[in-house]
Structures are given as structure tokens and as C-alpha cells.
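Data first, discussion second: the structure below is written as C-alpha cells.
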């Protein structure tokens with residue numbers, strides 16, 4: 001059995017991602033209160049794998065999570081993307097008009113901002129997890145509170161959906177990385193890699209690195225700058241890429257070593273699938 005750490009509780013989007021990715025394996029999900037706890041559980045050996053959201057098509061990149069991958073030197077073992085659908089739910093026989101407060105994770109509230117603007121009289125409260133909000137609503141039986149969460153959470157906790165798919169942009173996807181503390185072995189049977197590096201203080205240094213990737217037919221799917229702690233206005237670049245052959249990737253890595261500082265390889269893995277929620 002694999003121990004898999006997630007941020008949030010049962011039927012959260014992280015829980016859905018974990019069970020979808022490991023669908024053919026026996027897993028035990030470790031519920032963590034925050035993303036740092038996920039990283040700490042991997043570092044201590046309590047968890048074999050961790051699931052961590054890193055970007056959303058509406059809210060953008062989750063920079064602190066990229067920082068955790070750096071700080072804990074985690075290995076990227078895989079990825080999965082969820083099509084996120086947000087639903088407003090409450091206890092039975094409630095209506096939107098009867099609600100005085102709507103609760104959800106801050107990212108979920110941001111994703112549903114246009115819908116929420118239609119109800120300015122309803123107070124919005126940020127909580128740590130969408131699914132745990134649904135669970136507490138079921139347990140506390142608070143009549144004038146609504147929660148934004150997944151349809152799976154509404155079904156599991158027996159809540160009534162008052163409004164379906166209330167996210168501002170219907171093309172709402174969240175990408176999750178599968179993390180571990182395994183050795184960073186270059187797998188020859190996969191097509192994607194994640195790494196980070198800092199640039200030398202030389203004119204054109206970023207251009208030179210990007211040219212190396214282009215010459216090796218490597219497609220950069222993500223370039224994210226991350227502040228370097230203790231070095232004001234200096235940044236590391238987290239890069240995800242797809243390569244045609246492992247030889248192309250190895251050649252590019254060896255070439256750019258001369259032009260960068262603190263190059264870190266986080267892992268090679270297979271391009272992930274997208275799951276509908």
C-alpha cells in the first residue's frame with residue numbers, strides 16, 4: 001500500500017486527483033492541513049507520494065508550492081490535470097436568497113468571483129479546503145451558510161446543489177504534480193521533465209538557454225520565475241518541458257550547465273492525463 005499525502009480532506013480536489021492518478025493501486029490518503037505539511041510528510045518518510053496543485057487556468061501559478069518543491073528538493077514523479085467544476089451547495093430546502101455566508105478555499109472563491117458579485121449581500125469566508133467546508137456544513141447543520149465545492153462533495157455529504165458550474169471561466173483546469181523523495185533517475189520511457197536554474201548576470205543569458213532547448217527540439221510547457229530567498233530581486237526559473245527523446249534532454253542539460261547557476265533536475269515523468277470532475 002502506498003501512503004499519499006494531500007492538502008485537504010476526503011472528496012477534496014486533491015483527494016480526487018490522488019485516487020484518479022493511483023486508480024489501479026491500493027493507497028492510503030494522508031490528509032494534511034496545508035501544503036507545507038504535505039512536503040514535510042514526504043521529507044519524514046511518512047508519505048511515499050504527495051499531491052500538490054501548482055497552477056490553475058484562472059488563478060494562475062501557486063508560487064509557494066513551487067517554492068516548497070525547491071526547498072524540500074522534491075522529485076516530480078508525475079502529473080494529472082482536473083477539469084474543475086465549482087458548485088454552490090447548502091442544506092436541503094435552502095435557497096441562495098436565504099444564505100448569509102458562503103465559504104470556500106480562497107482559490108475557489110476567486111474562480112467564482114463573477115457569480116459571487118451577483119450576491120453582494122452574502123458574506124464570503126475563506127476556509128482551508130472545499131470538501132472540509134462541505135463536511136462541516138453537514139455536521140453543524142448551519143441553515144444560512146453555503147459552500148462552494150465539487151459535485152462529489154455534495155453527493156458524499158448529502159448536500160443540495162443550489163447552483164451548478166459557477167466558475168467564471170468554464171475552461172477551468174488545475175494541474176497537480178505527483179511528488180516524492182525518490183532518487184532523480186532519468187527514465188527513458190517518458191517524455192516530460194521539470195527542472196530549475198538561476199541565470200548568470202550576463203546579457204542574453206536567458207536567450208542562450210532558450211536557444212539550447214529549441215535546437216534540441218524541446219517544447220517548454222511552463223516557465224515560472226520564483227524569488228530566491230535572501231537575494232532581493234533575484235529569481236530561479238522553474239521549467240517544465242516535453243522532449244522527443246531522452247538523448248535530446250540529456251544533451252540540452254549538459255549544454256546549459258555552462259550558462260546557469262544551481263541547476264536542479266526535479267524529475268522525468270510521463271505527460272499527464274486530464275480528468276473531468
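Values in this text are rule-based calculations from the coordinates and carry no lab data. Please read these numbers as outputs of a predicted model, since none were measured by experiment. As a convention, Cβ positions derive from the backbone with ideal geometry for all residues, glycine included, and neighbour counts pool all protein chains shown.
Just round it to a whole percent: the fraction of Cα-Cα distances in region 1-128 exceeding 27 Å.
Value for region 1-128: 28 percent of Cα pairs lie more than 27 Å apart.
What's the ranking of 165-171, 183-189, 36-42 by average number of surrounding C-beta atoms within 10 Å, highest first?
36-42, 165-171, 183-189
Between helix 246-256 and the chain, what is the angle of the helix's C-alpha long axis to the longest principal axis, kept within 0 to 90° and rounded to the nearest 10?
The angle comes out at about 70 degrees.
Note down the nm distance, to one decimal, between modelled labels 7 Å out along Cα→Cβ at residue 246 and at residue 24.
Computed distance between label sites residue 246 and residue 24 equals 2.0 nm.
Which one of 173, 13, 22 has the biggest mean-square fluctuation once the chain is modelled by GNM with Cα springs under 10 Å?
22
Give me the log10 of I(q) over I(0) for the chain at q = 0.11, 0.16 Å⁻¹, as the Debye formula computes it from C-alpha points; what are the numbers?
-0.68, -1.19
What is the gain in length, in nm to one decimal, between residue 207 and residue 277 on full extension, counting 0.36 nm per residue of separation less the C-alpha to C-alpha distance?
Once the chain is fully extended between residue 207 and residue 277, it gains 21.3 nm.
Would you mind telling me which residue in 230, 50, 67 has the biggest mean-square fluctuation in a Gaussian network model of the chain, where springs connect alpha carbons within a distance under 10 angstrom?
Maximum among the listed residues: 230.
If the viscosity is 0.890 mPa s and the temperature 25 °C, what translational diffusion coefficient in µm²/s does Stokes-Einstein give for region 192-269 when Rh comes from Kirkwood over Cα pairs?
Taking Rh from Cα pairs, D becomes 193 µm²/s.
Please give, to one decimal in nm, the separation of the simple spin-label points placed at residue 127 and residue 95, each 7 Å out from Cα toward the Cβ.
2.4 nm
For the pair residue 71 and residue 140, what calculated FRET efficiency results from E = 1/(1 + (r/R0)^6), where r is the Cβ-Cβ distance and R0 = 51 Å, to the nearest 0.05?
Plugging the Cβ-Cβ distance into 1/(1 + (r/R0)^6) gives 0.90.
If packing is taken as the average number of other Cβ atoms within 10 Å across a peptide's residues, how do 214-222, 263-271 rank, most packed first?
263-271, 214-222
For region 22-68, what does the relative contact order come out to in percent, with C-alpha contacts under 8 Å and a separation of six or more?
It rounds to 27 percent for region 22-68.
What angle, in degrees between 0 and 90 and rounded to the nearest 10, separates the Cα long axis of helix 35-44 from the longest principal axis of the Cα atoms of the chain?
Tilt relative to the chain: about 60 degrees.
Test of understanding: in a Gaussian network model of the chain with alpha carbons linked when under 10 Å, which of 14, 121, 238 would top the mean-square fluctuation ranking?
121
How high is the FRET efficiency from residue 63 to residue 164, r the C-beta distance, R0 45 Å, rounded to 0.05?
0.90
Work out the FRET efficiency for residue 219 and residue 113 from their Cβ-Cβ distance, taking R0 = 25 Å, and round it to the nearest 0.05.
For residue 219 and residue 113, the calculated efficiency is 0.20.
Taking the Cα centroid of region 7-53 and of region 106-120, what is the distance between the two, rounded to the nearest whole Å?
The distance from the Cα centre of region 7-53 to that of region 106-120 comes to 27 Å.
Helix 205-215 against the longest principal axis of the chain: what's the angle in degrees, Cα atoms only, rounded to the nearest 10?
90 degrees
Return the calculated 222 nm mean residue ellipticity for the chain, to the nearest 500 deg cm²/dmol, obtained by summing -39500 (n - 2.57) across DSSP H runs with n ≥ 4 and dividing by the residue count.
Value at 222 nm, helices only, nearest 500: -8000 deg cm²/dmol.
Sorted from largest down, what three extents in whole angstroms do the Cα atoms of region 53-171 have along their principal axes?
48, 28, 21
Could you work out the Rg to Rh ratio of region 138-265, with Rh taken as the Kirkwood radius (inverse of the mean 1/r over all Cα pairs)?
Here Rg/Rh amounts to 1.17.
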